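Notes for the one structure printed next.
Throughout, read-outs are computed from the coordinates displayed, never taken from laboratory work. Note that the structure is a prediction, hence the values are computed from the model and not measured. No Cβ is skipped: glycine too gets one built from the backbone with ideal geometry, and neighbour counts run over all protein chains shown.
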Amino acid sequence: MITLYTKDNCIQCKASERLLKQLGIKYLEINTEHNEKVRERLKSMGIRQMPALFRDGKFLFSGFQPSEVKKL
């Protein structure tokens, strides 16, 4: 399962969502703006840029990276 961590007003987050939908990849979106625990967990992992993509709980990459999304 792909988990996409996003934040409000994030152009890269919206672009990642669109690409995942276009490719037919199912994902769960979690908005970090509304969940301080998640935001702090990501920060503790050194993740500062959104979106952040995880697969089965394992961090893959952050930021809008179309070539990496297409590998999924």
Pull up segment 1-20, narrow it to residues that are of a type in the set (S, T, N, Q) and buried (at least 16 other Cβ atoms within 10 Å of the Cβ), then point me to the one that is farthest from the chain's Cα centre (by Cα). GLN12
Could you list, ordered by first residue, the pairs with Cβ atoms under 8 Å in which the first is in segment 7-20 and closer than 13 Å to GLN65 by Cα and the second is surrounded by 13 or more Cβ atoms within 10 Å (Cβ to Cβ) and small (Gly, Ala, Ser), at least 6 apart or interchain? GLN12/GLY63
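Taking the criterion of being assigned to a helix (DSSP H, G or I), free of Cβ contacts under 8 Å to residues at least 60 places away in the same chain and more than 15 Å from LEU72 (Cβ to Cβ), would at least one residue in segment 21-28 satisfy it?
no
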Residue check, PHE64 against (1) within 20 Å of MET1 (Cβ to Cβ); (2) buried (at least 16 other Cβ atoms within 10 Å of the Cβ), all met but one. Which one? (1)
Residues in segment 21-61 that are more than 19 Å from MET1 (Cβ to Cβ) and surrounded by fewer than 16 Cβ atoms within 10 Å (Cβ to Cβ) total 10
